[in-house]
Amino acid sequence: MLIAWKDDIELMRSLGVNSYRFSISWVRILPRIEPVVTLHHFDVPQELEDRYGAWLSSQIQDDFGYFADICFEAFGDRVKNWITLNEANMVAQYGYYSGIWPPNRCSYPAGKCKAGNSELEPYIAAHNMILAHATATEIYRKKYQEKQGGKIGIVLHIYWYEPLRDIPADRVAAQRALGFIAAWFMDPIMFGEYPPEMQQITAMPTFYVVPDSMEKTIMYFKDRYNNTPMYITENGYAQPSSKNIEDMLNDMNRLEYMQGYLTSLVSAIRLHLLIGDKSMQGRSLAVFIDKFRNYCTNPDANCYCSSDLPKGQEILSLKREAMCVEIDVLLRVLLIVQQLLQENRHGSKRDIYYMHPSVFSDQSVVDQAINDICILLQCSRHNLNVVSVGNGLVMGWLRFLEAERKFDCMNFPSNVHPIPVHVDEVKDIVSVAKYILVVEKESVFQRLANDRFCNANRCIVITGRGYPDIPTRRFLRLLLEKLCLPIYCLVDCDPYGFDILTTYCFGSMQMAYDAKFLRVPEIRWLGAFPSDFEKYGLPQQCLLPLTAEDKRRTETMLLRCYLQREVPQWR
């Protein structure tokens, strides 16, 4: 931090400097860090220790309240999260029972201290810390919370205990141990009295700690304290300082610890989602996605894409691990989309994939999540600021603007141009073409370009290079709306070519939610028809046998409703 800035200015003046280049630090002006302030982190003024024994006296309750009041008034306009005491139960245990922390008070056999009473003082100190927390909380709620809009709580250090043996005595002892570490402070704060487990103090058996204790601890607090909001402020792995440097660098124990405990935390969150709502007990939280809801408007339709059939609806449930992963992906992509919209930026599915490549595993996973989000929000991809990488090409008698960039194909109609990605920004479309020709294959499109087909024919030629991407389909629909030209589609007479034709005409099954914005039902099929084989007596050697995949694709397409109702002649 620069502290001698006045001297620097005077030095520049003495040197005759007439300009000064400097930088403004973004992170200091807008740090985007939410402060969480702790009022007491083990340190008590020595004067209070000397005057009345600090936490051993009830006087500290008022003094702590006075200190807290000053902080609330001075910093409350910027601090929205307050912690009264950090690990208060550890202060009682290590400060007044074992004596290894200040004020180092204990008695034999718990420890060897100059003064203290390990059987009594930990409970006196804990009682005064609980009441000091209550004093500060009451001050904040009465004087500041309404106008400052913050929250206030306490931090406790938590262990989880498991019985050594699966017998009633050890199970009861484990619950009693939890009462002495967690409920000791939380029960008086939440219920106004100490926990029943502390009514009788007896010897404890041996316990062990395991990673899934994180999940059990979270659910213990959730159930015991009625789902009160909780924050994990610390979770770390302490290792002896006596270890040599090689062992410390080979940090596998820490990695295993963090992996185990974080996995346990995720499990607790999922369990909370499943049973947190009492009305949901016995049922899992589920997301219903009507995959093909825009295909069928007739509820009685008996076809593959009918929205009331199981095949037309996907149900994501947290009861199945694979679906938990799918929901996780869905939420991650949704957060990225929210950021794109808030920052008025655009991104492709490739951009989104590389934000979490280890989670998404493949770009198709992101693609599916984007489709599902569009279905849930009932919107189009471009409404999410998610753009496709354009593959489409166009040539012919056409002129238009895209984001103030001029595309003039009419001077050289056989020159090839990429189809715009941001179709929303296309305007001022002008054409003298008589029709639009859509071709399936890039090789056919390139042959037409080489033969200068558009020079001899007043037309516009488009290709999506196979299955058409979203910009190609949107651009074709835009041309239809603005120019009102007839559209012909030249595809191979095979299941693959037919599927491409129906994608242009009726929309794709995966993006059925957006069909009304992408489909071009006016398109006409150009090329050989399956019936031409018999009609014109084509020789057998002109035909290629259908593969197993071709047959599967054909059977699937024959179930689509538009082949039954809109174009039955195509069947």
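The values are calculated or read from the model by the stated rules, or taken from the named source; none is laboratory data. None of these values were measured; they are calculated from a predicted model. Note that each Cβ is placed from the backbone with ideal geometry, even for glycine, and that neighbours are counted across all protein chains shown. The protein model used for the area step is the full one, side chains on, heavy atoms only, and it has no ligands, DNA or RNA in it. Shrake-Rupley method; radii C 1.70, N 1.55, O 1.52, S 1.80 Å.
Which entries of LYS6/LYS147; LYS114/LYS216; LYS151/LYS216; LYS80/LYS114 have Cα-Cα distances beyond 32 Å here? Beyond 32 Å between Cα atoms: LYS6/LYS147; LYS114/LYS216; LYS80/LYS114. Computed from the Cα positions only, the extents of region 383-426 along the three principal axes stand at 36, 21, 11 Å, in decreasing order.
Ligands, DNA and RNA aside, SER23 has an accessible area near 100 Å² when probed at 1.4 Å. Simple spin-label estimate for ILE100 and THR228 gives 2.8 nm between the two label positions (7 Å along the Cα-to-Cβ direction from each Cα). Working from label points 7 Å from Cα in the Cα-to-Cβ sense, the TYR66 to GLU246 distance is 5.9 nm. Full extension of the chain between ARG78 and ASP328 gives 86.7 nm of extra length, using 0.36 nm per residue less the Cα-Cα distance. Looking at region 433-571, the DSSP beta bridges with both ends there are about 0 percent antiparallel. A simple packing score, the average count of other Cβ atoms within 10 Å per residue, orders the peptides 360-366, 50-56, 474-480, 133-139 as 474-480, 133-139, 50-56, 360-366, with the highest score first.
Packing-based ranking of 442-450, 381-389 yields 381-389, 442-450, ordered from highest to lowest mean Cβ neighbour count within 10 Å.
A simple count of charges around LEU483, restricted to other residues whose Cβ falls under 13 Å of its Cβ and scoring Lys, Arg +1 and Asp, Glu -1, yields +2. Here the peptides 86-99, 454-467 are ranked by packing, the mean other Cβ count within 10 Å, and the order with the highest first is 86-99, 454-467. Per residue, the convex hull spanned by the Cα atoms of region 348-446 amounts to 143 cubic angstrom.
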